[in-house]
Amino acid sequence: MKTKKTYLSAAVLGVAIAVVLFLVLDVVAPAFSTSAVTWLLAPVSAPTPAPGDPIPLKSIDGLNSLNATVKLDVNGKIGGKKTKGDLNALLASNDQKKSKVTVSGSLLGPIAAQVGGSVLGLFTPSKVDLYKVPEGAYVAINSLVPICVKPDTSTATAALDELSPSSMMNMLTGSDVARGKFVGDEKLSNGTPVKHYVIDGAAFLAAAQGSSDPKLQAFGEALWSADDIDLYVDATGGYPVALRGNFSGAFEPLKFEGDLGVQIELTGVNTNPQVVLPASCNKPITR
């Protein structure tokens, strides 16, 4: 009987302590009530990490000079008209702050009209050259009669600027989106040793849309979807040398909506190519 009373007393004491603690918590800290207790009892979950690890990269802006290419394959609409074709840009830049971007392909017509206005819009060129030199920008067409236009504002050549291999590579490999999975050590077709990474498409899209870089953010917000992106980083220099990606959405430089395939490759680094204005730019048309 004494033992039973002892257990009963202990039980009563335990209930009394529990009631007192509840009353104290309820009076002293009302906020620390049911939700607080639930929080204490709930299992602790680790925060969800961002997909992929940061990819160690050096910007190609640190290179003295380079040769590079970008190829765009599109299937969709330009200006509301169904369009399927390609656009290619070849870049040569040197350490004298001179560069040349040669743009060609079946979609060149709309781009030429954008940068050259009514003058270039009269032609159907096979290629257009954009020169950037200390004196300014020039757009040249080698037609039956060579033509050179000197735009009076930098915005006139914005479309060609954004199609430049260096511009596109910098945007697509910015620190906000350069996260991915290491695939392995490989070699490009030209024999360059590289480190191959894959960037998750959905993660790229989310990071681009929330980027602090206005250009990258605008690109991301105009997209509907992005496939996984293959990125190749120079094994010695640590800078991006090739990129392959497929996107769906709008692409402002082309006034395009649909499917967009992007291939970028650095074909020469620190080669210091010569960039010389053509004779037609001695007396350019200004606009």
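Some points to look at:
- Verdict on L57 being within 19 Å of V262 (Cβ to Cβ), modelled with pLDDT of 65 or more and assigned to a loop (DSSP other than H, G, I, E, B): yes
- Region 60-86, subset assigned to a helix (DSSP H, G or I) and in contact with a Phe, Trp or Tyr (Cβ under 8 Å, 6 or more places away or on another chain), residue surrounded by the fewest Cβ atoms within 10 Å (Cβ to Cβ): G62
- Where a residue in region 60-80 is more than 29 Å from Q96 (Cα to Cα) and in the same structural domain as T236 (by TED's automatic domain parsing) and its partner, wherever it lies, is among the charged types (D, E, K, R) and outside any strand (DSSP E or B), with Cβ under 6 Å and at least six apart: I78/K255; G79/K255
- Search result, residues across region 181-226 that are of a type in the set (D, E, K, R) and surrounded by 16 or more Cβ atoms within 10 Å (Cβ to Cβ): K195, D200, D213
- Check on G117, touching a strand residue (DSSP E or B) at 6+ places or on another chain (Cβ under 9 Å), at pLDDT below 80 and either closer than 19 Å to E162 by Cβ or assigned to a loop (DSSP other than H, G, I, E, B) (or both): yes
- Scope region 138-158; condition surrounded by fewer than 12 Cβ atoms within 10 Å (Cβ to Cβ), within 20 Å of A279 (Cα to Cα) and not aliphatic (A, V, I, L, M); matching residues: D152
- Inspection of region 192-200 finds a residue satisfying the criterion of being polar (S, T, N, Q) and not in a strand (DSSP E or B).
- Test: residue in region 197-206 that is farther than 22 Å from G258 by Cβ, in contact with a Phe, Trp or Tyr (Cβ under 9 Å, 6 or more places away or on another chain), of a type outside the set (S, T, Y) and at pLDDT 95 or above: yes
- Test for V177: is it assigned to a strand (DSSP E or B), at negative phi and either under 10 Å from the mean Cα position of the chain (by Cα) or in the same structural domain as V262 (by TED's automatic domain parsing) (or both): no
- When every residue of region 246-259 is checked against the conditions, none turns out to be touching a residue at least 24 places away in the same chain (Cβ under 8 Å), closer than 15 Å to M169 by Cβ and among the aliphatic types (A, V, I, L, M).
- L243 in contact with a Gly (Cβ under 7 Å, 6 or more places away or on another chain), in contact (Cβ under 8 Å) with a residue 12 or more places away in the chain and within 17 Å of L57 (Cβ to Cβ): no
The values are calculated or read from the model by the stated rules, or taken from the named source; none is laboratory data. None of the values given here were measured: they were computed from a predicted structure. Every residue, glycine among them, receives a Cβ derived from its backbone with ideal geometry; neighbour counts consider all protein chains shown.
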